[in-house]
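Reading through the structure tokens given below for one structure.
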Amino acid sequence: MLQISPSLLSADFANLAAACAAVAPVADWLHVDVMDNHFVPNITIGLPVVEALKAAAALPLDCHLMIENPDRWAPAYAEAGAGSVTFHVEAAAAPVRLARNLRALGARAGMALRPATPVEPYEELLPELDMLLIMTVEPGFGGQAFLDIMLPKIRRARALIAKSGGEVWLQVDGGVSASTIERCAEAGADVFVAGNAVFATADPAAAVTALRAMAQGAAAPTQA
Ligand code: DX5
Ligand code: ZN
């Protein structure tokens, strides 16, 4: 089943609860971008805000950790009640151990790949994961242009997931919009993060609904 995860990075940081409420009836997750100014050249929010969102939001939290040393810091997001915790493989010292820790704490374990990180070396890790995130921009900022060159990687990731049993969700994040979501769905993505395409519009809920319809129209029948 296709899922939409609106990114709060594009919402009004002074009104996060209102942003959550706006999309809660129509979205599947709330995507929360945690940046530490080391793994990426930007800083956003951390654990205290995630804890506050957990208490305030009606949707499960999809935490995307763009941080150094996720081995040390990611489990606390699972402990805080995030439904899904995604770390970057480029930053993880022991991704298998970390994924197992996250699952043991009750969260879904996600692993993200920057645009220049190939998926093939991680085929054997797929059974340890609940979600694979293919970044379709360089992580760090919302509102960037979608990288079309990532489409073949999405296709290859979908094929590897199918080969491994097909249980792993395939998320795309960065520049996902009405102009690009169909290509992502056609390539095999099934969880779509969208920041500007949702929260930089006058009606975020309507944007989520429209994006979902476009993705469903483009996905293979088994995906939709
Ligand atoms: C970027 C973040 C994204 C960002 C996407 O590093 O991981 O989640 O919010 O924003 P858009 O959809 O505007 O590209
Ligand atoms: Zn993100």
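The values are calculated or read from the model by the stated rules, or taken from the named source; none is laboratory data. Source: prediction; values computed, not measured. Neighbour counts are summed over all protein chains in view; Cβ atoms, including those assigned to glycine, are modelled from backbone coordinates with ideal geometry. Accessible surface areas use protein heavy atoms only, side chains included; no ligands, DNA or RNA. Shrake-Rupley method; radii C 1.70, N 1.55, O 1.52, S 1.80 Å.
Within the range 1-14, which residues are aliphatic (A, V, I, L, M), outside any strand (DSSP E or B) and in contact (Cβ under 8 Å) with a residue 24 or more places away in the chain?
The answer is Met1, Leu2, Leu8, Leu9, Ala11.
Return the total of residues in the range 34-71 being surrounded by 18 or more Cβ atoms within 10 Å (Cβ to Cβ), free of Cβ contacts under 8 Å to residues at least 40 places away in the same chain and of a type in the set (Asp, Glu).
Of the residues in the range 34-71, 1 are surrounded by 18 or more Cβ atoms within 10 Å (Cβ to Cβ), free of Cβ contacts under 8 Å to residues at least 40 places away in the same chain and of a type in the set (Asp, Glu).
List the strands (runs of 3 or more DSSP E) that sit entirely inside the range 64-160 and contain at least 1 residues that are among the hydroxyl-bearing types (Ser, Thr, Tyr) and closer than 20 Å to Val193 by Cβ.
Result: 84-88.
Among (1) surrounded by fewer than 21 Cβ atoms within 10 Å (Cβ to Cβ); (2) assigned to a loop (DSSP other than H, G, I, E, B), there is one condition Ala17 misses while meeting the rest; what is its number?
(2)
Looking only at residues in the range 128-142 that are open to solvent by 20 Å² or more (accessible area, probe 1.4 Å) and away from ligand 2 (no atom under 14 Å from the Cβ), which one is farthest from Ala112 (Cα to Cα)?
Top of the filtered list is Glu128.
So if I check each of Val176, Val198, Val193, which one is in a strand (DSSP E or B) and crowded, with 24+ Cβ neighbours inside 10 Å?
After applying the criteria, what remains is Val193.
Here are some residues: Ala116, Ala162, Ala145. Which one is under 19 Å from Gln3 (Cβ atoms) and either of a type in the set (Asp, Glu) or open to solvent by 20 Å² or more (accessible area, probe 1.4 Å) (or both)?
Exactly one residue qualifies, and that residue is Ala162.
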